[in-house]
1. Confirm whether residue 39 is of a type in the set (Val, Ile, Thr) and buried (at least 18 other Cβ atoms within 10 Å of the Cβ).
2. Can you pull out the residues in segment 179-201 that are touching a helix residue (DSSP H, G or I) at 6+ places or on another chain (Cβ under 9 Å) and within 16 Å of the ligand (Cβ to nearest atom)?
3. Six or more apart or on different chains, Cβ under 8 Å: which pairs go from a residue in segment 137-151 that's at negative phi to one that's β-branched (Val, Ile, Thr) and assigned to a helix (DSSP H, G or I)? Could you list them?
4. Return a yes/no flag: does segment 65-77 have any residue that is assigned to a loop (DSSP other than H, G, I, E, B) and either more than 28 Å from the chain's Cα centre (by Cα) or free of Cβ contacts under 8 Å to residues at least 12 places away in the same chain (or both).
5. Restrict the check to segment 202-220 and report whether at least one residue is away from the ligand (no atom under 16 Å from the Cβ) and surrounded by fewer than 23 Cβ atoms within 10 Å (Cβ to Cβ).
6. I'd like the full set of residues that are assigned to a loop (DSSP other than H, G, I, E, B) and either within 14 Å of the ligand (Cβ to nearest atom) or under 26 Å from residue 266 (Cβ atoms) (or both), limited to segment 106-133.
7. Looking only at segment 270-286, decide whether some residue is buried (at least 20 other Cβ atoms within 10 Å of the Cβ) and more than 20 Å from residue 171 (Cα to Cα).
8. Please go through (1) outside any strand (DSSP E or B); (2) farther than 17 Å from residue 265 by Cβ; (3) of a type outside the set (A, V, I, L, M) for residue 191 and return the number of the only condition it doesn't satisfy.
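Values in this text are rule-based calculations from the coordinates and carry no lab data. Quick caveat, the model's predicted, so the values are computed rather than measured. Glycine also receives a Cβ, built like all others from the backbone with ideal geometry; neighbour counts cover every protein chain displayed.
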Amino acid sequence: MSSRITKAVIPAAGLGTRFLPATKAIPKEMLPVVDRPAIQYVVEEAVEAGLSDVLMITGRNKTTLENHFDRVAEIEALLEARGETEKLDRVRAATNLADVHYLRQGDPLGLGHAVLRAHQHVGDEAFAVLLGDDIMAGGGSLLSRMIEVHEATGASVVALQEVDPAMISSYGVAAYDASSSVEDGVPGAGPDTIQITGLVEKPALEDAPSNYAVIGRYLLRPEVFGVLEQTKPGAGGEIQLTDALQVLAANREELGGVVGVVYRERRFDTGNKLDYIKAIVELAVDDPKLGPALGPWLKQFAASIAE
Ligand code: G1P
């Protein structure tokens, strides 16, 4: 039904205004999370799911991103001469990870517009979109599952997570066909999948069709490009990917429909300051080298601020 998926698109043109002044001269994707820039986790995730052709849609401040995934001969030579092989391996890992391509978005007209810019590179194939703000605890397992569901159903696939109603208006939200239970899933797609019947970008709580929010992972059929070309600016005056997905979901016969995969593992949001700090702490506690020292210190620190 579909050819093997090899391409991932990572929109990375945002201005990162929530992190100013840290993001005055570097893109927010380059802010470190423990020991790597956030964007490296996302590229690693794509590669773990078998997608090693990565297209980043960037903006004006892209130079540091390109440099990060490129060789730095001087650093490598220095580490080699010093025999610092572990550091050398870590430097090289970022370079050898994937075949990374860059394309500028031009006008910042929204996520849908960024994805549309990928058309020429992607061509007439299904492809993945990964948004940089989320880091998935399960690495490539979610994307691999989404690819499986796409192959089984032929549909476009989005990742969903149940979120606290207080947070729902920050997301794209799914309406779904409740005729089969989420646990059993869509016929042919397996457990924890739902047939999406509609999607709304950042609804008010009273208008949200469910508490299933789209988290930043998509597996899209190439028909999305034709739909995006016709998509008018929506929420926030931007061309929204969610609005194009609504058209795919509503036209199951011609456009394949949209299936949601419910993700139940931990997701670290690095999109705002508080969640970014929590992501660093949680990931550092999980880190085999840092965790054993950080955990006890954290407990002591937490006790000291308890009152
Ligand atoms: C974007 C999408 C939204 C999705 C969210 C996931 O919004 O437009 O549908 O739920 O990512 O993080 P943003 O966070 O860029 O405002």
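1. yes
2. Result: 196, 198, 199, 200, 201.
3. Here the result reads 140/47, each pair linking segment 137-151 to a residue that is β-branched (Val, Ile, Thr) and assigned to a helix (DSSP H, G or I).
4. No; the residues of segment 65-77 include none that is assigned to a loop (DSSP other than H, G, I, E, B) and either more than 28 Å from the chain's Cα centre (by Cα) or free of Cβ contacts under 8 Å to residues at least 12 places away in the same chain (or both).
5. Checked segment 202-220: at least one residue is away from the ligand (no atom under 16 Å from the Cβ) and surrounded by fewer than 23 Cβ atoms within 10 Å (Cβ to Cβ).
6. 108, 109, 110, 131, 132, 133
7. Yes, there is a match, as at least one residue in segment 270-286 is buried (at least 20 other Cβ atoms within 10 Å of the Cβ) and more than 20 Å from residue 171 (Cα to Cα).
8. Residue 191 satisfies all of (1) outside any strand (DSSP E or B); (2) farther than 17 Å from residue 265 by Cβ; (3) of a type outside the set (A, V, I, L, M) except (2).
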